[in-house]
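Working notes, structure below.
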Amino acid sequence: MDLPADLPLYSLTGMGKVGRRPKQVSCSQSQATLLSIFSQEYQKHIKRTHAKHHTLEAIESYYQRYLNGVVKNGAAPVLLELANEVHMEKVLPFPLLAFMDNIKECVCYYDLVTEWQIRVQPEKVTKSSKSVINSMLRDPSQIPDGVLANQVYQCIVNDCCYGPLVDCIKHAIGHEHEVLLRDLLLEKNLSFLDEDQLRAKGYDKTPDFILQVPVAVEGHIIHWIESKASFGDECSHHAYLHDQFWSYWNRFGPGLVIYWYGFIQELDCNRERGILLKACFPTDIVTLCHSVA
């Protein structure tokens, strides 16, 4: 497993299948790297168990329990406690905003939206009405019912891996690493175009940076660099290959992907085809003048 050069090696022996607790993790690993791995495993686990919480029977049960709970005490964290209880038997805590999808279904099927003054009937649920509900889940202040708004808010702020708050944090971390990469490119006096400049030129799918003059890294020509503020596991990397990296290769030639929180070493198997993986900014960049940058 490749990790950033400034981070100690760590063991993830026995990680095994999605949703299983690691059997052994050393105490010398980076917290940021482990959090990235945890977040990815968490999301895979939720996708696998999503369907059983969206049966009509489950939805009706959640809905009735929610109503009974708020009638007894509207200030109590009814949704939060219900979400945790529903997933108590799992190693990973239940994703609270994912649970809110169940409440969203309750909204559609049981007319809970009358509480929100939307008045949606089951047979009239449209993409537009679902968009309104999704917007309310992202911003509970839009929910007219104060009790329900507070319930949704409690779920959002207590969810460590899902929801709008987490999305904002991930976006900020991603931007921070893009800025770091830009600074390193400038420090090495490498000329480049960033994503915004490329889109202004009409490109719809672009890497973070295109090098205006290609360089060589470990004997491989590099035309572009993509920053990923995450751990490169098999699932996410194959998705990136399909959705992004091969498109970049097809348009711009061979390139470099930096997984700032490390990656599974076996995934770095496309070097000869034109996609190089690194866990940090390379120190052995060779320019056209054959000098190390």
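Could you look at region 164-249 and say what percent of its accessible area is carbon and sulfur, using a 1.4 Å probe and all protein chains?
55
How about region 147-212: which chymotrypsin sites (Phe, Trp or Tyr not before Pro) there lie in a loop by DSSP and see at most 12 other Cβ atoms within 10 Å?
Of the chymotrypsin sites (Phe, Trp or Tyr not before Pro), not one in the loops of region 147-212 has a Cβ with at most 12 other Cβ atoms within 10 Å.
Could you report the accessible area of L137 in Å², rounded to 10, computed with a 1.4 Å probe on the protein chains as they sit in the structure?
10
Need one value: the accessible area of H242 in square angstrom, 1.4 angstrom probe, rounded to the nearest 10.
Rounded to the nearest 10, that gives 140 Å².
Can you work out D for region 192-237 in µm² s⁻¹ from Stokes-Einstein, where Rh is the Kirkwood radius over C-alpha pairs, the temperature is 10 °C and the viscosity is 1.306 mPa s?
Value of D from the Cα-based Kirkwood radius: 132 µm²/s.
The values are calculated or read from the model by the stated rules, or taken from the named source; none is laboratory data. All figures in this text were calculated on a predicted structure; none of them were measured in a lab. Please note: Cβ atoms are built from the backbone with ideal geometry, for glycine as well, and neighbour counts cover all protein chains shown. Each accessible area value is taken on the protein alone, full model and side chains, heavy atoms only, with ligands, DNA and RNA left out. Shrake-Rupley method; radii C 1.70, N 1.55, O 1.52, S 1.80 Å.
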